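Worksheet: one structure, shown below.
The values are calculated or read from the model by the stated rules, or taken from the named source; none is laboratory data. Given the structure is predicted, the values throughout are model-derived calculations rather than measurements. Cβ placement follows ideal geometry from the backbone for every residue including glycine, while neighbour counts extend to all protein chains displayed.
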2 protein chains.
Amino acid sequence: MWSESEKKVARRAFDGALKKEYAALMNRLKDLAEKAGTPEDIWAIHDFLTEQRKMIDRKYDYRYSQLVMVFGGLLGEGRITDKELEGLKEEKLDLIRKIASL
Amino acid sequence: MWSESEKKVARRAFDGALKKEYAALMNRLKDLAEKAGTPEDIWAIHDFLTEQRKMIDRKYDYRYSQLVMVFGGLLGEGRITDKELEGLKEEKLDLIRKIASL
């Protein structure tokens, strides 16, 4: 169960992580496009975007049933910080930290 | 039937058109990537590349059974010129021109 105040924390943390994910992807795309010189480079960018799209769709799953797993993953890879999760119940935080450390 | 000398003409015209196709695509990709500012822009680039890849695969079909059709299409859209087809038998050229004018 997620309280209203927890939902606010979760939404902010989630959106912040997704924003960072997109910023990193944007930088990478611009860099790859700038350096591209051959047809193979074009299709490598296409393949890269196909993968990234699948990855983002899979990773950013905002269902409350999935959110502890999602945050565990994001915390583990440094896309969110402990601080951004402040306001969640201790029980959830414990589980998120455990998943993050896997 | 394609004679050896016709095959040489065909190969050069085909490769030249494909090279121009890729050069145009490269410019467009670099421009789109440079101007991209939102996640939607990233996925629009991905969709664009998906379409272009299908289009190029479909359009550049170097089977001798397809080549008159292929050249007809390329001549019609200005990717190849009459001059580049010089050396093909008059019968083929007639057909290519007819397809180009469709």
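What the table below lists for this structure:
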| read-out | value |
| --- | --- |
| Answer residue from the stretch A:82-100, given it is part of a helix (DSSP H, G or I) and acidic (Asp, Glu) and is surrounded by the fewest Cβ atoms within 10 Å (Cβ to Cβ) among those | A:90 |
| Pair list, Cβ < 7 Å and 6+ apart or interchain, from the stretch A:72-99 residues that are of a type in the set (A, V, I, L, M, F, W, C) to residues that are not in a helix (DSSP H, G or I) | A:74/A:80 |
| Restricting the stretch A:29-56 to residues that are under 16 Å from the mean Cα position of the chain (by Cα) and in contact (Cβ under 8 Å) with a residue 12 or more places away in the chain, the residue that is nearest to the other protein chains (Cβ to nearest Cβ) | A:49 |
| Hey, residue A:6 surrounded by 15 or more Cβ atoms within 10 Å (Cβ to Cβ), in contact with a strand residue (DSSP E or B) (Cβ under 7 Å, 6 or more places away or on another chain) and more than 25 Å from residue B:30 (Cβ to Cβ) or not | yes |
| Which numbered condition residue B:16 fails, given (1) small (Gly, Ala, Ser); (2) exposed (fewer than 12 other Cβ atoms within 10 Å of the Cβ); (3) away from chain A (no Cβ under 11 Å) | (2) |
| Residue among B:63, B:79 that alone is in a loop (DSSP other than H, G, I, E, B) and modelled with pLDDT under 95 | B:79 |
